[in-house]
Amino acid sequence: MTNFDFQGSRLTSALSEAVSVTWQSPSNIALVKYWGKTGRQLPVNPSLSMTLSNACTVTKLTASPRKKEGSVELDLLFDDKPNAVFGERMSMFLASITEYYPWLEQVSLKLETKNTFPHSAGIASSASAFSALALCLCSLDNEFLGILLDESEFRSKASYIARLGSGSACRSLFPGLTLWGLTKSLHGSSDMLAVPVPEVHPVFTTLRDTIIIVNSREKPVSSTEGHSRMNGHAFAEARVKQAKKNTSELLHILKTGDKKNFIRIVENEALTLHALMMTSDNGFMLMEPETVRIIRKVQEFRKETGLHVCFTLDAGPNVHLLYFEDEIEQVNKLIVEDLIKNNKQNTRIDDFYGKGPVKLG
Ligand code: PMV
């Protein structure tokens, strides 16, 4: 259970004027992957991610007076333009959380949202989008209720709400390394919201993530569909066991600064995620030949140089290259002289260990 209450606040009198709030929230990259869900967006296994810096969503939410209450009224602008598909998704999400925020049916809402990374980047924006929206909702709720939560309670509440929009979004609420899902290895962990990893060796705060874009088109299989393929998957039980073990080991590794075993777990998780896709009923493959080429090159380069660079993958063909600040120069040479040079898209996005969301207004 959560250790806080949603008070289910209604406005006692109609709003007299529009109230706005703006948050910037980052995306995150999973090191231990969340793959498979149950109940109301609850994970079947714990996951652990790194919050990014540059890949962010900036969201302004305005609540305006409304004559008569009723179902959620939302006007959405994405990059200053109406977007029917995104608007529909956000309206459905808001309608699904009116039990937490009954005032959503008493106001008119305007959601203005932008990403700080290019459209064609192939980066999943649901984590940054839903975490930014959850933060805006929590801020408005506090304002309407006239309550002042401490920072940690506020972020936890936002993490709980973000999870209901997109599971991985609940991990974007905190700086650095974040864990979502109940595990015996971390006191206070929960399936309902993410928590910051409490002990992180300084070396891991210097982590970099360069995304090598292999293909930026929309995924042929959505993550919702991918999660559902874990129901009845022949390896489901073994996967949960493996994710729990990897989470527990990674928590220890993050504490001690053991780069070698960090690499072992991170690559094991990336390959497992894609192996699970391939071995599900009606299996599918999101890696492309170029993805495999890059993976092989990274492993070869590591063997030859002894540098601490590894790869991870999201549910798509693009490769996230993880490495450390003190080896930027050598890894950059690999990126420029090989990874993107021989790559038709020739696109990279440089990101790094992030400080978490920021309130802009
Ligand atoms: O949050 P969702 O439902 O988009 O799922 C994300 C799943 C992965 O990105 C593949 C893994 C993860 O833990 O982020």
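Ordering 76, 169, 301 by the projection of their Cα atoms onto the charge dipole of the chain, which places +1 on the Cβ of Lys and Arg and -1 on the Cβ of Asp and Glu, puts 301 at the extreme positive end.
With a Cα cut-off of under 25 Å and a minimum spacing of 8 residues unless on different chains, the lysine pairs in segment 45-131 number 8.
Please report the antiparallel percentage of the DSSP beta bridges confined to segment 69-219, to the nearest 5. Percentage antiparallel, nearest 5: 45. In straight-distance terms, cross-link reach from residue 241 covers every one of the aspartates and glutamates whose alpha-carbon lies under 18 Å from its own, apart from those fewer than eight places away in the same chain; here that gives 191, 249, 267, 269.
The HN-Hα couplings worked out from phi for segment 27-40 by the Karplus form 6.51 cos²θ - 1.76 cosθ + 1.60 (θ = phi - 60°) are 7, 9, 10, 6, 9, 9, 8, 8, 8, x, 9, 9, x, 8 Hz, whole numbers, x standing for Gly and Pro.
Amide H to amide H, with H built 1.01 Å from N, residue 189 comes under 5 Å of 183, counting only residues 5 or more places away or on other chains. Under the combined filter of DSSP loop state and at most 16 neighbouring Cβ atoms within 10 Å, segment 63-124 retains none of its chymotrypsin sites (Phe, Trp or Tyr not before Pro). Structural descriptor for segment 118-187: relative contact order 35 percent, calculated from alpha carbon pairs under 8 angstrom and at least 6 residues apart.
This model, with +1 at the C-beta of Lys and Arg and -1 at the C-beta of Asp and Glu, gives segment 277-342 a dipole about its Cα centre of some 220 debye.
Summary value for segment 68-169: 28 percent relative contact order, contacts being C-alpha pairs under 8 angstrom separated by 6+ residues. The residues packed around residue 55, meaning those with a beta-carbon under 12 Å from its beta-carbon, carry a net charge of -4 if Lys and Arg are +1 and Asp and Glu are -1.
Over the chain, the pair-distance histogram of Cα-Cα distances with 10 Å bins from zero comes to 5, 25, 33, 24, 10, 3, 0 percent, rounded to whole numbers. Each of 180, 23 was scored by other Cβ atoms within 10 Å of its Cβ. Arranged with the fewest first, they read 23, 180. Summarising the amide proton neighbourhood of residue 221: residues at separation of 5 or more, or on other chains, whose placed amide H is nearer than 5 Å comprise an empty set. Relative contact order of segment 274-361, please, whole-number percent, based on alpha carbon pairs below 8 angstrom and at least 6 residues apart. Dividing the mean separation by the residue count of segment 274-361 yields 19 percent. What separates the Cα centres of segment 290-361 and segment 65-83 is a distance of 39 Å. Within the chain, the longest run free of exposed loop sites, counting GluC sites (Glu not before Pro) that sit outside DSSP helix and strand states (H, G, I, E, B) and have at most 16 other Cβ atoms within 10 Å, spans 219-361.
Just so you know, all these numbers are worked out from the coordinates, no wet-lab data involved. Just so we're clear, the structure is a prediction, and the values are computed from it rather than from any experiment. Virtual Cβ from ideal backbone geometry, glycine too; neighbours counted across all protein chains shown.
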